[in-house]
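Have a look at the structure below before the remarks.
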Amino acid sequence: MPLDEKSELSALLNHAGIDAATAEAVMDIDGLMQKWRRRAMKRELGHRALVDLKIELELPQLDVLTAIEGAFADTDSAGEVMVSTVAERLNIDPSRASRLVSEMVEQGYARRTVSQADARRTLIELTGRGHAVVDAVRAYKFLIMGDFLTEWDAAELAAFVPLLKRFGTWMDSIEPASEKHAAEIESLAKGIEASALGETAQ
């Protein structure tokens, strides 16, 4: 980030009542998150897990198996799993979810069953092979992360995990924070509008 831009942002945050140390932390954290997001979008760990474990699947197919199992921290994994459940958990189109589920059924990683509550309802569940894949990929990830964290001492881990959990809720504050800083946000919006008008006038 250019120095002048960083100074402008620091001044904005300071005017909004955010002290200099916190402002510096915000910008550092944002930079780290941008790098993390770029690497996460590349799915480096997932790709490596599939290669090293000799699993002949694509990442979207692995995602479907994980969605069927319901291994999402922010998702209630209890209850029946249908194609619509997979689509919702992965935030993808139902037709795409249906195609991917069919591929997993054809390859023996999942199977269709009938709901005990409603015989008209078709459910999806993992086969033993599907469970083995999901479990192996999870264990692979934990081995890699665990190896990295062995370099941290007990005090660092004890401090980091609770703080990470706390930081993980920061987006829950978007609405109250945006209301609190409505004036600053309105000023930013007007700045964009003024910039657009300036370019149009040139």
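Values in this text are rule-based calculations from the coordinates and carry no lab data. All figures in this text were calculated on a predicted structure; none of them were measured in a lab. Glycine gets a Cβ as well: all are built from the backbone with ideal geometry, and neighbour counts include every protein chain shown.
Here are some notes:
- Ranking His181, Ala23, Leu100 by how far each Cα lies toward the positive end of the dipole of the chain (charges on Cβ) leaves Leu100 at the top.
- For the range 33-40, the Karplus equation 6.51 cos²θ - 1.76 cosθ + 1.60, evaluated at θ = phi - 60°, returns couplings of 5, 4, 5, 4, 5, 4, 6, 5 Hz by residue, with Gly and Pro reported as x.
- Leu9 versus Asp28: modelled label distance in nm, points set 7 Å from Cα along the beta carbon direction: 1.4 nm
- For Ala110, the residues 5 or more places off, or on other chains, whose built amide H falls under 5 Å of its own are Val105, Thr127.
- Just so you know, the averaged projected area of the alpha carbon convex hull for the chain sits at 17.9 nm².
- Between the Cα long axis of helix 182-201 and the first principal axis of the chain there is an angle of about 80°, rounded to the nearest 10.
- Summarising the amide proton neighbourhood of Leu123: residues at separation of 5 or more, or on other chains, whose placed amide H is nearer than 5 Å comprise Thr113, Val114, Ser115.
- The long axis of helix 154-167 is offset from the longest Cα principal axis of the chain by roughly 80 degrees.
- Sites excluded, trypsin sites (Lys or Arg not before Pro) in DSSP loops with at most 12 other C-beta within 10 Å, longest stretch of the chain: 122-202
- Each residue, Glu156 and Ala196, gets one label point 7 Å from its Cα in the Cβ direction; the gap between the two is 4.7 nm.
- Label-point gap, in nm, between Glu175 and Glu56 - each point 7 angstrom along Cα→Cβ: 5.0 nm
- Loop exposure criterion: chymotrypsin sites (Phe, Trp or Tyr not before Pro), DSSP state outside H, G, I, E and B, at most 12 other Cβ atoms within 10 Å. Applied to the chain, the longest stretch between such sites is 73-151.
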